[in-house]
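All remarks here apply to the structure that follows.
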Amino acid sequence: MAKYVVTYTPDGKVKKELTYKNEVFSYTMVPDRFGKTADNKGFDIQVSEKYTNEPDEVIEALEEISFADENEIEEYLSTLSNNE
């Protein structure tokens with residue numbers, strides 16, 4: 001089952017973790033002079049590099065999940081879980 005966790009820290013970092021196919025993919029948004037910058041590639045790129053033949057709906061869910069509202073997150077997690 002896919003899982004998405006967002007952790008906020010007092011120093012302004014936002015860590016995003018996605019569990020998909022029993023693998024944990026993550027990146028942290030780190031404050032800098034431009035606002036915040038990711039310390040790693042997005043979920044869509046990380047997963048695509050690990051699993052090269054993911055369906056389009058999975059890649060779309062991975063691209064959008066970090067910017068989605070609660071209802072959309074649940075929909076994307078359902079898509080991911082159905083494709084595990």
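Over all orientations, segment 14-63 has a Cα convex hull whose mean projected area works out to 3.6 square nanometres. What full-extension length gain, to one decimal in nm, is calculated for Ala68 and Ile45 as 0.36 nm per residue of separation minus the Cα-Cα distance? Roughly 6.5 nm would be gained on extension. Under a model in which nothing but the beta-carbon of Lys, Arg (+1) and Asp, Glu (-1) is charged, the chain shows a dipole of about 560 debye around its Cα centre. In plain terms, the chain from Asn53 to Asp11 could stretch by 11.3 nm, reckoned as 0.36 nm per residue minus the Cα-Cα distance. Counting only residues at least eight positions apart within a chain, or on another chain, the lysines with an alpha carbon under 27 Å from that of Lys36 are Lys3, Lys13, Lys15, Lys16, Lys50. Across the options Thr19, Tyr8, Pro55, the greatest Cα extent toward the positive end of the charge dipole of the chain (unit charges at beta carbon of Lys, Arg, Asp, Glu) belongs to Tyr8. Taking the 1.4 Å solvent-accessible surface of the chain as the whole, the part contributed by carbon and sulfur is 46%. Its alpha carbons considered, the chain gives a radius of gyration followed by a Dmax of 12.9, 40 Å.
The values are calculated or read from the model by the stated rules, or taken from the named source; none is laboratory data. Just so it is clear, the model here is predicted, and its values are computed rather than measured. Every residue, glycine as well, gets a Cβ built from its backbone with ideal geometry; the counts of neighbours run over all protein chains shown. For the accessible areas, the whole protein counts, side chains as well, though only heavy atoms, and no ligand, DNA or RNA atoms are used. Shrake-Rupley method; radii C 1.70, N 1.55, O 1.52, S 1.80 Å.
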